[in-house]
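Any read-out appearing in this document is the output of simple, stated calculations on the displayed coordinates, not a laboratory observation. It should be emphasised that the depicted structure is a prediction, and the values quoted were computed from it without experimental measurement. In this analysis, Cβ positions are derived from the backbone assuming ideal geometry, glycine residues included, and neighbour counts consider all displayed protein chains.
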Amino acid sequence: MNHPTVDPQLLREARDRARREHEEAKASGLKLDITRGKPCSAQLDLSERMLTVLAEGEHTTQAEGDLRNYGATQGLTELREIFAPLLDVRPDQLVVRDNSSLSLMHQCVSASFFHAPPGAPEGTGWAGQTVRFLAPVPGYDRHFTVCSELGVELVTVPMTPDGPDMDLVEELVAKDATLKGMWCVPKYSNPTGVTYSSETVRRLAAMQTAAPDFRVYWDNAYAIHHLRSSEAQLDPILEACEAAGNPDRAFVFGSTSKVTFAGGGVSFFASSAANVAWFLARDGFRSIGPDKLNQLRHLRFFESTEGVKAHMHKHREILEPKFDAVLRHLEKDLAELGIAEWTDPDGGYFISLDVVPGTAGRVVELAKEAGVALTPAGATYPGGVDPDDRNIRIAPTMPSTDDLDTALRVLTSCVVLAAAESLLADDDA
Ligand code: PMP
């Protein structure tokens, strides 16, 4: 954003319009919420057939036998075959678990305190040590709160259009053995929409780390969540790690939370043979087997990798117009003023909006006064503090297009009002 180019007269006129719109919104008793990236009902309806896809008596597979019982801890073979190509891993590297990949990430971090992952001396854990993770920012707030919950300190690194700033990442991990991990949302990143470049993937796989048990937490949550026909290509991390001679470098995560049901999907963990053995050993003390009947529902519902892709296309048909509606508003209301920048992602669940530095918190406050709930400013930074108070995450998936239209009108008014307060000397708002 280039503030010197902001035309004060243009901003003054926009401010006067925005004031009127803000007052009208306040008087109208709006109650809209564009905070979290949840699927909308129409998306959930796409998977409704899964609730009845299993008939009475349908509870076996050839490889695993009777699925109503304990066992098959790695997950159904046929389901692993369907999803492995979508996560760019081999079926033998893939574990299918119950809903929530976030719980698998939490489990991996917490288990490491008692049994460090392969690479560390046998029988050691991180307990009693200072443990730090790298956090590319802006990033996913729940990654950060897993760390604060478990006593892991976060070291931020800035995101670039190619992924995290790799010069800085390489420098930090080479010299600091307390850095044990790094969060990555490598495709359609939350919230910036960035997909890591081939060079970034290669460098993450090859970099020298002071900690022998350093792990890249490769949260590929949006691997198949395309919004446009121009689908981003992400290089396979496990292959890159093998090629670089660091086969145990990465833990891959994913889920069907935004493919089938956020509250009733399946999750994925994928890694090298040594890491999978480490994971299953830890997990075996927590559970005697996953919900294999839900895995069977997913298997029967999708039938093939192509079936998953066709299903994701239906999600795209619902979501693309919603993202377009948000982008139209941002373009129409803000582009000419030069007071904000935003992303136009090819996939994922978010649009990332950067407003005038120092005003994001004020924008959220003004929107709340007018009945529109936005994700708290700073949520995309550890501890909820954006040092520039600049970034706002917009989640367009859940509201109807009509509600999005209303919410965006309010949001852009608030961006203008906050910018005017900050940039216009004569502003008395
Ligand atoms: N990772 C990222 C990057 C996400 O955005 C989300 C959901 N917002 C999750 C993980 C949560 O996934 P799950 O539902 O599988 O726990």
For this session: Calculate one ³J(HN,Hα) per residue across segment 243-259 by plugging θ = phi - 60° into the Karplus curve 6.51 cos²θ - 1.76 cosθ + 1.60, and present them in order as whole Hz with x for glycine and proline.
Result: 4, 7, x, 10, x, 9, 5, 10, 9, 9, 10, x, 6, 9, 4, 10, 10
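How large is the Rg to Rh ratio of the chain when both quantities use alpha carbon positions and Rh follows Kirkwood?
1.00
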For this session: Please sort 146-154, 183-191, 5-13 by packing, taking for each peptide the average over its residues of neighbouring beta carbons within 10 angstrom, highest first.
Result: 183-191, 146-154, 5-13
Seminar exercise, completed: For ASP167 and SER229, extending 7 Å from Cα along the Cα-Cβ vector and measuring point to point gives, in nm, a value of 3.9 nm
Problem set entry | Helix-only CD estimate at 222 nm, as mean residue ellipticity for the chain, using -39500 (n - 2.57) per DSSP H run (n ≥ 4) | -12000 deg cm²/dmol
For this session: Output the peptides 251-261, 105-115, 344-354, 25-35 sorted from most to least packed, where packing is the average of other Cβ atoms within 10 Å over each peptide's residues.
Result: 251-261, 344-354, 105-115, 25-35
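Sum up the charges of everything whose Cβ sits under 13 Å from the Cβ of SER287, counting Lys and Arg as +1 and Asp and Glu as -1, but leave SER287 out.
+1
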Problem set entry | Rounded Å value of the spacing that divides the Cα centres of segment 1-75 and segment 139-197 | 24 Å
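Quick one: pull the percentage of alpha-carbon pairs in segment 316-429 with a separation above 25 Å.
17 percent
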Problem set entry | Net charge contributed by nearby residues that have their C-beta within less than 10 Å of ALA206 (K/R +1, D/E -1) | +2
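Please work out how much length the chain gains when fully extended from GLU239 to ALA274, using 0.36 nm per residue of separation minus the C-alpha to C-alpha distance, in nm with one decimal.
Additional length available on full extension: 11.1 nm.
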Seminar exercise, completed: With 0.36 nm assigned to each residue of separation and the Cα-Cα distance removed, THR178 to THR305 gains 41.7 nm
Exercise. Rg to Rh ratio, segment 34-137, alpha-carbon atoms and Kirkwood radius?
Worked result: 1.06
Exercise. Among all the lysines, which ones have a C-alpha under 29 Å from LYS38's C-alpha, if same-chain residues fewer than 8 places away are not counted?
Worked result: LYS26, LYS187, LYS258, LYS292, LYS309, LYS314, LYS322, LYS332, LYS368
Problem set entry | Beta bridge orientation in the chain: antiparallel %, DSSP, nearest 5 | 50 percent
Problem set entry | Where Rh is the Kirkwood radius over Cα pairs, Rg/Rh for segment 103-185 | 0.97
